Amino acid sequence: MTPSESPAEIDRADPEAEIAARATSFRNWGRWGDDDVLGTLNFIDAEKRVEAAGLVREGTVISLSQSFDTDGPQKGWRRRTNPVHTMTDTGVDAERENQGFPHGIGGADDVISMPLQCSTQWDGLGHIFDHGFAWNGRRAGDVVTSEGDLVTGIEHAASVIVSRGVLLDLGRHLEHESHELADGYAISASELDACALAQGVTIGRGDIVLVRTGRLSRARREGWGEYAGGPSAGLSLTTAGWLHRTEIAAIATDTWGFEVRPNEFDVPSFQPLHQVVIPNIGLTIGEMWDLDELARSCAERSRWDFLLSAPPLRITGAVGSPINPVAVF
């Protein structure tokens, strides 16, 4: 079958066939050699970073990270909890001079315990498998073991993810009053293109695309509710072809799961677009990014591209990483 680019044309009774058609059609296995560990991040080269650096004219920096604290969206699904921050030394200890330091010096120390994907984060290439296969056609069990991701660990991207960022504000583009898409709204490839056209911005090889749906805005107003794992607007499975042919380096959204939820089938399914794009296309995905201030700033400037720096923490063997991405104008 030829993959459709229209959400309306998905066979909602056959996720296996719909996923397989796209996995086969858009598979990048071997494109950068048998030993590749970066996937589409290979599209970011020195020339691309120089282009991105040229977008910095004001020195204005906007953080695109949600907070990392106990007041977060996680509800314990698959042991995903919100961060627990504990002080191991405090100002109280210093005042009482019980820290054991000489000549009156005191200090504060702290520790944090959290899943690596509990707030703003990247999904690494070892995060999702397709029928037991990981990125580049490797057997999943040869890649990720109890020791971590032995092949495509997130540490390989630590000095890579700096490029031109492009915001596609689908919330603003499709909902002129609320700037928020309804839960369950499946964003199509044609809508991504139309949004870019309306904003007067192009998408090029090596870009990092940020898609704002407005889901985080609603969570801030109404409470977390079902933000983590519940209904949300997001990308349709049918955008897989767009994600492949545009040759973008990575993509991130303001939602928990990147793709539309509920997923687009009337039978049991779970994150089918993840299954296509991570192990088959080799695409790095960002989730739970805060794109609201960025959207306001872009609208005020009528400018939708910027230098984006979003390196993961260098956590050896991790399949994801918390990040504090920044847009620089």
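The values are calculated or read from the model by the stated rules, or taken from the named source; none is laboratory data. What you are looking at is a predicted structure, and each value in this text was computed from that prediction instead of being measured. Because the Cβ atoms are built from the backbone with ideal geometry, glycine has one as well, and the counts that use them run over all protein chains shown. For accessibility, only protein heavy atoms count, side chains too; no ligands or nucleic acids. Shrake-Rupley method; radii C 1.70, N 1.55, O 1.52, S 1.80 Å.
Between ALA219, ALA182, ALA189, the distinction of being open to solvent by 40 Å² or more (accessible area, probe 1.4 Å) and out of contact with any Leu (no Cβ under 8 Å at 6 or more places or on another chain) belongs to ALA182 only. For region 298-316, the set of residues classified as open to solvent by 60 Å² or more (accessible area, probe 1.4 Å) and in contact with a strand residue (DSSP E or B) (Cβ under 6 Å, 6 or more places away or on another chain) consists of LEU313 only.
One residue stands out among those in region 222-242 that are buried (at least 24 other Cβ atoms within 10 Å of the Cβ) and aliphatic (A, V, I, L, M): the one that is farthest from VAL277 (Cα to Cα), which is ALA233.
Would you say ALA295 is over 22 Å from ALA186 (Cβ atoms), touching a residue at least 24 places away in the same chain (Cβ under 8 Å) and either open to solvent by less than 10 Å² (accessible area, probe 1.4 Å) or part of a strand (DSSP E or B) (or both)? Judged against the criteria, ALA295 is not a match. For region 112-151, a tally of residues being open to solvent by 60 Å² or more (accessible area, probe 1.4 Å), part of a strand (DSSP E or B) and over 21 Å from ARG31 (Cβ atoms) returns 2.
For (1) among the small types (Gly, Ala, Ser); (2) part of a loop (DSSP other than H, G, I, E, B); (3) more than 29 Å from SER297 (Cβ to Cβ), each residue gets a yes or a no:
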site	(1), (2), (3)
GLY72	yes, yes, no
MET87	no, no, yes
ALA94	yes, no, yes
PHE101	no, yes, yes
GLY106	yes, yes, yes
ASP110	no, no, yes
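Of the residues making up region 179-191, those that are in contact (Cβ under 8 Å) with a residue 24 or more places away in the chain and out of contact with any helix residue (DSSP H, G or I) (no Cβ under 6 Å at 6 or more places or on another chain) number 5. Here the helices (runs of 4 or more DSSP H) wholly within region 163-273 that include at least 1 residues being more than 21 Å from THR120 (Cβ to Cβ) are 170-174, 189-199, 240-245. Against the test of being open to solvent by 20 Å² or more (accessible area, probe 1.4 Å), farther than 30 Å from VAL111 by Cα, among the basic types (Lys, Arg) and in a loop (DSSP other than H, G, I, E, B), the options ARG57, ARG49 yield a single qualifying residue, ARG57.
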